[in-house]
Amino acid sequence: MKLILNMMKTLPHLLLTLLILSSCMTSPDETPVNGELFQGLGYKPIYATGAELKNVNITTSEALRSPGKIYILDRYLFVNEMGKGVHIIDNSDPKNPKNLSFISILGNYDIAAKGTWLYADNATDLLVFDISNPVEPKLSKRIANAIPMHNYPPFQNVYFECVDNKKGTIVGWEKVTMAAKPNCFR
C-alpha cells in the first residue's frame, strides 16, 4: 500500500516532466518554435563601399518608384525614394506637379525637415542639406556614424544571409531564392 501511495505522489511529477520534454521535440515537418519553415526564400544584404556611400549628387529628375516620407516647404515637395534619395518637386500647380531634380543618396530611407534644413540618412551617416533655395539644395554637413546599423532585415520571421561586414555597409535587403537554408533568422 505504501508503495502505491509513493507511486501516486511521483506519477504527476513524472507525467509533467515527460510532457515538458516532449514539447521540446519537433519533427522535421513541424514549424520551428522561432518562426517559419524555410521555403527557399530569404533576404540577402545589399552592400555599398564607403566611397559609394559618400557619393551624394544632385541629378536630373527621376520617376518615383518606391516613395516614402514627404516634406512640404512652401510650394516644394521633398519625397523620399526608399534606399535611393530624395525627389524635389515643384507643386505650385497641384494638378500638374513638376519633378525638378533628385538628390542621390544611397542607403536613404528616412527624411525630416525643419525650416530650411533637410535631414536624410545615408546608411549610418546623417546628412544635413540647406534647402533655403529648394531648386539648388546644398549638402552642409555629414555626421558620421550618427545612425545605428542593424545587421538584420527590417522584417520579422524571415531567414536571411548573415552579414559580412568585410563586404561593406548594408544599404538594403533583397528577397531572393536560396538553395539552402541560411544560418540567420529573425
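Quick notes
- Flag if residue 181 is modelled with pLDDT under 95 and under 29 Å from residue 41 (Cα atoms): yes
- Qualifying position, being outside any loop (DSSP other than H, G, I, E, B), β-branched (Val, Ile, Thr) and closer than 27 Å to residue 184 by Cα, among 46, 70: 46
- Filtered residues of the stretch 118-149 (kept if farther than 14 Å from residue 78 by Cβ, part of a loop (DSSP other than H, G, I, E, B) and open to solvent by less than 70 Å² (accessible area, probe 1.4 Å)): 123, 124, 144, 146, 147
- Residue count for the stretch 169-181, restricted to those that are surrounded by 15 or more Cβ atoms within 10 Å (Cβ to Cβ) and in contact with a Pro (Cβ under 9 Å, 6 or more places away or on another chain): 4.
- Each residue in the stretch 85-117 was checked for being open to solvent by 20 Å² or more (accessible area, probe 1.4 Å), touching a Ser or Thr at 6+ places or on another chain (Cβ under 7 Å) and either more than 19 Å from residue 59 (Cα to Cα) or of a type outside the set (S, T, N, Q) (or both), and 2 pass.
- Subset tally (residues that are out of contact with any helix residue (DSSP H, G or I) (no Cβ under 7 Å at 6 or more places or on another chain) and part of a loop (DSSP other than H, G, I, E, B)) for the stretch 83-107: 10
- Residues satisfying the stated conditions in the stretch 150-186, i.e. assigned to a strand (DSSP E or B) and either more than 13 Å from the chain's Cα centre (by Cα) or closer than 15 Å to residue 48 by Cβ (or both): 159, 169, 170, 171, 172, 173, 174, 176, 177, 184, 185
- Between 152, 159, the distinction of being touching a residue at least 12 places away in the same chain (Cβ under 8 Å), among the aromatic types (Phe, Trp, Tyr) and open to solvent by less than 30 Å² (accessible area, probe 1.4 Å) belongs to 159 only.
- For the stretch 48-65, a residue qualifies if it is acidic (Asp, Glu) and more than 20 Å from the chain's Cα centre (by Cα), and exactly one does: 62.
The values are calculated or read from the model by the stated rules, or taken from the named source; none is laboratory data. Being a predicted model, the structure only gives us computed values, none of them experimental. Note: ideal-geometry Cβ built from the backbone for every residue, glycine included; neighbour counts use all protein chains shown. To get the accessible areas, we keep the full protein, side chains included, count just its heavy atoms, and leave off ligands, DNA and RNA. Shrake-Rupley method; radii C 1.70, N 1.55, O 1.52, S 1.80 Å.
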